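The values are calculated or read from the model by the stated rules, or taken from the named source; none is laboratory data. Since this is a predicted model, take the numbers as computed values, not measurements. We place every Cβ from the backbone using ideal geometry, glycine too, and count neighbours over all the protein chains shown. For accessibility, only protein heavy atoms count, side chains too; no ligands or nucleic acids. Shrake-Rupley method; radii C 1.70, N 1.55, O 1.52, S 1.80 Å.
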Amino acid sequence: MTETERVDCTDCFALPGPDNTRIAHVKTSGEISETWHTPDCPALAIMQINIGEGSKRVREQDEWAQGVFPAAHERLRKAAAMPVSTAAQPFVDALSELVQAQADTTGFVVLRRWAEILERHFPPELPDPDRTNE
């Protein structure tokens, strides 16, 4: 079992207790770090404000994107229907498919899906059996 490292709050120096708030973090190494705060701790108040503001910003950005995305997606479809040079065609096709994949999901297009699309439009060069290495 992983031991928990306790980090003292430099504002309130709270100890574990039923009235105090425990903030725990899992580090990249898998270790757990915890800090305890009193209910009136300034550091805890600032952390809660920042979390609330961050959530509000994400909601506002999502609302903006949901309003803008359909029209931008339609403009991309119209642009993709226009004649393009042969060299640019795989880029246009891949971008169109990636945007459509994003339009079809409520979250993010996962890496696996990106790889499938890019592999299809930009396949690796297969070895030429007629060419020999010296």
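So the values come out like this:
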item	result
Every residue from region 41-76 that is among the small types (Gly, Ala, Ser) and under 13 Å from residue 102 (Cα atoms)	65, 72
Answer residue from region 1-15, given it is in a loop (DSSP other than H, G, I, E, B) and farther than 16 Å from residue 43 by Cα and is most open to solvent (accessible area, probe 1.4 Å) among those	1
Residues satisfying the stated conditions in region 35-70, i.e. of a type in the set (S, T, N, Q) and either outside any helix (DSSP H, G or I) or open to solvent by 90 Å² or more (accessible area, probe 1.4 Å) (or both)	35, 38, 48, 50, 61, 66
Complete set of residues in region 49-69 that are farther than 30 Å from residue 39 by Cβ and free of Cβ contacts under 8 Å to residues at least 24 places away in the same chain	61, 62, 63, 64, 65, 66, 67, 68
Residue match in region 33-43 (condition: closer than 21 Å to residue 13 by Cβ, aliphatic (A, V, I, L, M) and free of Cβ contacts under 8 Å to residues at least 40 places away in the same chain)	yes
Scope region 16-26; condition open to solvent by less than 80 Å² (accessible area, probe 1.4 Å) and either part of a loop (DSSP other than H, G, I, E, B) or of a type in the set (Gly, Ala, Ser) (or both); matching residues	16, 17, 20, 24
Condition met for residue 99 (more than 22 Å from the chain's Cα centre (by Cα), at pLDDT 85 or above, farther than 30 Å from residue 14 by Cα and β-branched (Val, Ile, Thr))	no
Residue in region 76-90 that is open to solvent by 80 Å² or more (accessible area, probe 1.4 Å), at pLDDT below 85 and assigned to a helix (DSSP H, G or I) present	yes
Breaking point among (1) open to solvent by less than 90 Å² (accessible area, probe 1.4 Å); (2) in contact with a strand residue (DSSP E or B) (Cβ under 9 Å, 6 or more places away or on another chain); (3) at pLDDT below 95, for residue 30	(2)
